[in-house]
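So the structure is just underneath, and the comments pick up after that.
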Amino acid sequence: MLTPQLNLLLERFGTGSASHSGRTLRKHLIATAQLLEAWGNTQSVCYAGLFHSIYGTQIYRHIAASLEYRTEIRAVIGDQAELLAYLFCTSDRKELLAVTTQSRAAEDAVVISHRIDRTALLINPSTLAGLLEIAVANEIEQMPFRADLSAPRYRLWRQYGQYCLPFLSSSAQQALLPLIDAGLSSQRSASIPVVSAAAHCPLGEQALVDHKLLGRAESLDS
């Protein structure tokens with residue numbers, strides 16, 4: 001999966017020298033993408049995973065590439081992958097997980113907001129599924145390097161993980177279960193229906209974002 005072009009792009013933005021969870025950012029990005037590939041995700045989702053924190057995230061503040069390089073990155077990994085990576089970097093992590101409590105069916109769209117400028121984006125289920133799949137891979141990949149499972153980032157998964165499950169591939173579901181309350185996990189069936197997973201649904205032209213709804217909006221914080 002790591003083509004020469006992808007490798008050059010990772011090198012260009014210094015991911016091999018930036019630290020991340022006791023290793024380099026490069027190692028984390030590649031391992032995250034490898035998980036997504038092993039779980040059967042589309043190329044767009046895997047490439048997004050390879051660059052999922054390239055612009056910095058709410059938790060990982062290092063900015064390997066500023067947003068002015070979006071066009072250059074998009075030219076290599078594709079429109080869909082770059083947009084997923086951008087949305088993952090700029091979304092509020094709690095809001096991204098919590099919004100799953102509002103979406104109950106495959107046709108339901110949800111609104112998330114840019115964590116800095118609070119721009120509102122209408123996200124359809126395939127996009128949400130792709131973002132959640134990346135979020136799970138990001139957490140699972142880091143778990144061997146993080147000892148404190150009581151950290152706030154893991155409490156979020158215990159709080160909202162049950163609502164995320166229907167959007168995930170079966171492999172991501174099974175990987176996430178240990179992060180969810182043991183009591184809740186024991187009540188769930190081994191077979192959990194997938195409502196809308198990007199792993200099994202090619203992302204079409206309208207699958208990512210309704211650009212008509214881009215614009216300023218009130219903060220979604222309550």
With the checklist (1) under 14 Å from the mean Cα position of the chain (by Cα); (2) surrounded by fewer than 17 Cβ atoms within 10 Å (Cβ to Cβ); (3) of a type outside the set (Phe, Trp, Tyr) in hand, flag the one item LEU8 doesn't pass.
(1)
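If you take the residues of the stretch 94-106 that are surrounded by fewer than 20 Cβ atoms within 10 Å (Cβ to Cβ) and either touching a Cys at 6+ places or on another chain (Cβ under 7 Å) or among the charged types (D, E, K, R) (or both), which of them is modelled with the lowest pLDDT?
Initially, the stretch 94-106 is screened for residues surrounded by fewer than 20 Cβ atoms within 10 Å (Cβ to Cβ), giving 94-95, 98, 101-102, 104-106.
If we keep only those that are either touching a Cys at 6+ places or on another chain (Cβ under 7 Å) or among the charged types (D, E, K, R) (or both) too, we end up with 94-95, 104.
Numbers: LYS94: 91, GLU95: 92, ARG104: 59.
Among them, the one singled out is ARG104.
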Run down GLY40, GLY56 and say which single residue is part of a loop (DSSP other than H, G, I, E, B), more than 25 Å from SER170 (Cβ to Cβ) and not aromatic (Phe, Trp, Tyr).
GLY56
Taking the stretch 127-143 and keeping residues in contact (Cβ under 8 Å) with a residue 60 or more places away in the chain and acidic (Asp, Glu) leaves GLU133, GLU141
Being out of contact with any Leu (no Cβ under 8 Å at 6 or more places or on another chain), in contact (Cβ under 8 Å) with a residue 12 or more places away in the chain and either under 21 Å from SER44 (Cα atoms) or surrounded by 23 or more Cβ atoms within 10 Å (Cβ to Cβ) (or both) is the requirement here; does ASN124 meet it?
no
Has the stretch 38-53 got any residue that is surrounded by fewer than 18 Cβ atoms within 10 Å (Cβ to Cβ) and within 17 Å of ARG26 (Cα to Cα)?
no
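With respect to ILE140, is the statement that it is modelled with pLDDT of 90 or more, surrounded by fewer than 20 Cβ atoms within 10 Å (Cβ to Cβ) and within 14 Å of the chain's Cα centre (by Cα) true?
yes
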May I ask you to list the residues in the stretch 144-165 that are free of Cβ contacts under 8 Å to residues at least 12 places away in the same chain and assigned to a helix (DSSP H, G or I)?
PRO144, PRO152, ARG155
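Taking THR57 as the residue in question, decide whether it is under 15 Å from LEU131 (Cα atoms) and either of a type in the set (Phe, Trp, Tyr) or touching a residue at least 60 places away in the same chain (Cβ under 8 Å) (or both).
no
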With the structure loaded, tell me whether ARG70 is of a type in the set (Lys, Arg) and part of a loop (DSSP other than H, G, I, E, B) or whether it fails that test.
no
Per-region count, the stretch 22-54, residues in contact (Cβ under 8 Å) with a residue 60 or more places away in the chain and of a type in the set (Phe, Trp, Tyr):
1
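The values are calculated or read from the model by the stated rules, or taken from the named source; none is laboratory data. Being a predicted model, the structure only gives us computed values, none of them experimental. We place every Cβ from the backbone using ideal geometry, glycine too, and count neighbours over all the protein chains shown.
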